[in-house]
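K.L.:
My structure is below; once you've seen it, I'll send some questions.
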Amino acid sequence: MKIFNRRVIAYAPGKCILLGEHAVVYGYPAIAVGISLYSQCRISKVDSNRIELNLIDFKKKFESNNIDNLISLLKKQFPQLARGLQIFSDLVDEQIKDISIGISSSLLSGSGLGSSASIAVAFASAFNEFYGLSLDKTKISDIAYEMEKMVHGTPSGIDNTTCTFGNIIYFKNKKFEMLRIPSDLKLLITYTGIHHRTSDAINKIRKLRENNLELIDRILSDIGFLVERAKNVIQNNELEKLGELMNINQGLLAALGVSNSVISVINQIALNNGAFGSKLTGAGLGGCVVSLGKDVLNIAKVLSDNGFQNFILDIENRGAWVEHE
Ligand code: MEV
């Protein structure tokens, strides 16, 4: 078998959607950034005649001497990884064996920060490098999208794109462009403490739309409209205006039914303490809130005093990358 590297480790950032989540599923634009929290996937050559998969955060290990068998072992609990292994077992010339795969992430799952997409991108990048497949980033992102479909049904593609390319991106209908990162942009991310499932939030909006088609389509279109505005505001480095648009977006997301009282409390604390803007990020119904402001350190302190775990993050502009050990 053509193995080019004995040991590789791939990293992929998480993502934070600044504006446009949910509407992006219906073809409207959204803006997201790669964040400085990462998932990693390490692949090493072993002489055990087996394939091992170690899910470090879950404290779970799967192994088999046959790739197809390993794929069926994973299918029920980790369908996304089963799909990834299937894709690479089709891409690699010979049978995949004699490897140990280790996956971990500093992104909390169900927190709206793209943990599953980030893991999928790290996984695809590690396999690409280990087997010398020379796939470009667009192909890595496409594979991660195929993996994501196993957990989210019909994702827009913004999560895998942002976790692959990082930076600040304007995304619409599976196409994207990179924007200029505003100077002094620090993201304050606050965790609601509520684990959510993206598919629940997507289904909630789908149902609401079925019952109120015209009304919900207007709201989705308004979100699209404000994202277009935000694109210009970002290019002009106008953070206060960006905050204002985020607040309007939060109101529209609440109208779609994906906000909740904890998100509102966090938003209020942030805004009362000088945030320019504050809104849920990702699917909603829990997960995280993103806030922008001049003095995010002070806002972070007040949120911590009120018992809310939070982090101040930078934008990750490398996207996914690979190292050899
Ligand atoms: C989830 O991170 C973002 C959603 O817009 C879903 C998607 O875009 O696939 C809620």
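K.L.:
Quick one: which residue in ILE248, ILE223 is in contact with a Phe, Trp or Tyr (Cβ under 7 Å, 6 or more places away or on another chain), β-branched (Val, Ile, Thr) and either open to solvent by less than 20 Å² (accessible area, probe 1.4 Å) or in contact (Cβ under 8 Å) with a residue 12 or more places away in the chain (or both)?
P.N.:
Values: ILE248 fails: in contact with a Phe, Trp or Tyr (Cβ under 7 Å, 6 or more places away or on another chain).
Residue meeting the stated conditions: ILE223.
K.L.:
If you don't mind, there's one more thing I want to ask. Within 16 Å of the ligand (Cβ to nearest atom) and either free of Cβ contacts under 8 Å to residues at least 24 places away in the same chain or open to solvent by 50 Å² or more (accessible area, probe 1.4 Å) (or both), is that true of TYR38? Give the steps one after another, and end with the answer.
P.N.:
Details: within 16 Å of the ligand (Cβ to nearest atom): no; either free of Cβ contacts under 8 Å to residues at least 24 places away in the same chain or open to solvent by 50 Å² or more (accessible area, probe 1.4 Å) (or both): yes.
So TYR38 does not fit the description; no.
K.L.:
Could you please find all residues in the range 268-289 being part of a strand (DSSP E or B) and within 22 Å of GLY14 (Cα to Cα)?
P.N.:
Pass one, the range 268-289, residues part of a strand (DSSP E or B): 275-281, 288-289.
Of everything in the range 268-289, those that are part of a strand (DSSP E or B) and within 22 Å of GLY14 (Cα to Cα) turn out to be GLY277, SER278, LYS279, LEU280, THR281, CYS288, VAL289.
K.L.:
Further question: Can we say VAL265 is at pLDDT 95 or above and assigned to a helix (DSSP H, G or I)?
P.N.:
Values: at pLDDT 95 or above: yes; assigned to a helix (DSSP H, G or I): yes.
The answer is yes for VAL265.
K.L.:
Identify, by number, the condition in (1) open to solvent by 30 Å² or more (accessible area, probe 1.4 Å); (2) touching a residue at least 40 places away in the same chain (Cβ under 8 Å) that LEU313 doesn't meet.
P.N.:
It fails just one condition, (1).
Conditions tested, residue by residue: (1) within 16 Å of the ligand (Cβ to nearest atom); (2) among the hydroxyl-bearing types (Ser, Thr, Tyr).
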residue: PHE176; (1), (2): yes, no
residue: ILE189; (1), (2): yes, no
residue: SER199; (1), (2): yes, yes
residue: ARG218; (1), (2): no, no
residue: SER221; (1), (2): yes, yes
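K.L.:
Could you grab me the full set of residues in the range 14-28 that are in contact with a Phe, Trp or Tyr (Cβ under 9 Å, 6 or more places away or on another chain), within 8 Å of the ligand (Cβ to nearest atom) and more than 17 Å from GLU148 (Cβ to Cβ)?
P.N.:
Result: GLY20, single match.
K.L.:
Counting just the residues of the range 290-307 that are in a helix (DSSP H, G or I) and out of contact with any strand residue (DSSP E or B) (no Cβ under 6 Å at 6 or more places or on another chain), which one comes out surrounded by the most Cβ atoms within 10 Å (Cβ to Cβ)? Give the steps one after another, and end with the answer.
P.N.:
First, the residues of the range 290-307 that are in a helix (DSSP H, G or I): 296-305.
Pick out the ones that are also out of contact with any strand residue (DSSP E or B) (no Cβ under 6 Å at 6 or more places or on another chain) and you get 297-298, 301-302, 304-305.
Numbers: LEU297: 11, ASN298: 13, LYS301: 13, VAL302: 15, SER304: 12, ASP305: 9.
Per the stated criteria, the residue is VAL302.
K.L.:
For the range 275-309, give me the residue count where each residue is within 16 Å of the ligand (Cβ to nearest atom) and not hydrophobic (A, V, I, L, M, F, W, C).
P.N.:
The total comes to 6.
K.L.:
Of these, THR138, THR161, which one is more than 15 Å from the chain's Cα centre (by Cα), at pLDDT 95 or above and either near the ligand (Cβ under 10 Å from one of its atoms) or not basic (Lys, Arg) (or both)? It would help to see each step written out before you state the result.
P.N.:
Numbers: THR161 fails: more than 15 Å from the chain's Cα centre (by Cα).
Of THR138, THR161, the one residue that is more than 15 Å from the chain's Cα centre (by Cα), at pLDDT 95 or above and either near the ligand (Cβ under 10 Å from one of its atoms) or not basic (Lys, Arg) (or both) is THR138.
K.L.:
Taking the criterion of being touching a residue at least 12 places away in the same chain (Cβ under 8 Å), under 22 Å from PHE176 (Cβ atoms) and either within 13 Å of the ligand (Cβ to nearest atom) or open to solvent by less than 10 Å² (accessible area, probe 1.4 Å) (or both), would at least one residue in the range 256-272 satisfy it?
P.N.:
No, because not a single residue in the range 256-272 is touching a residue at least 12 places away in the same chain (Cβ under 8 Å), under 22 Å from PHE176 (Cβ atoms) and either within 13 Å of the ligand (Cβ to nearest atom) or open to solvent by less than 10 Å² (accessible area, probe 1.4 Å) (or both).
K.L.:
Can you list the helices (runs of 4 or more DSSP H) lying wholly within the range 65-175 that have 3 or more residues being touching a Gly at 6+ places or on another chain (Cβ under 6 Å) and surrounded by 19 or more Cβ atoms within 10 Å (Cβ to Cβ)? Quick ask: steps written out before the conclusion?
P.N.:
On the way: elements: 67-74, 79-91, 115-130, 137-152, 158-165.
Those helices (runs of 4 or more DSSP H) span 158-165.
The values are calculated or read from the model by the stated rules, or taken from the named source; none is laboratory data. Just so it is clear, the structure is predicted and the values come from calculations on it, not from any experiment. Here Cβ is always computed from backbone atoms with ideal geometry, including for glycine, and neighbour counts include all displayed protein chains. All accessible areas refer to the heavy atoms of the entire protein, side chains included, with ligands and DNA or RNA removed. Shrake-Rupley method; radii C 1.70, N 1.55, O 1.52, S 1.80 Å.
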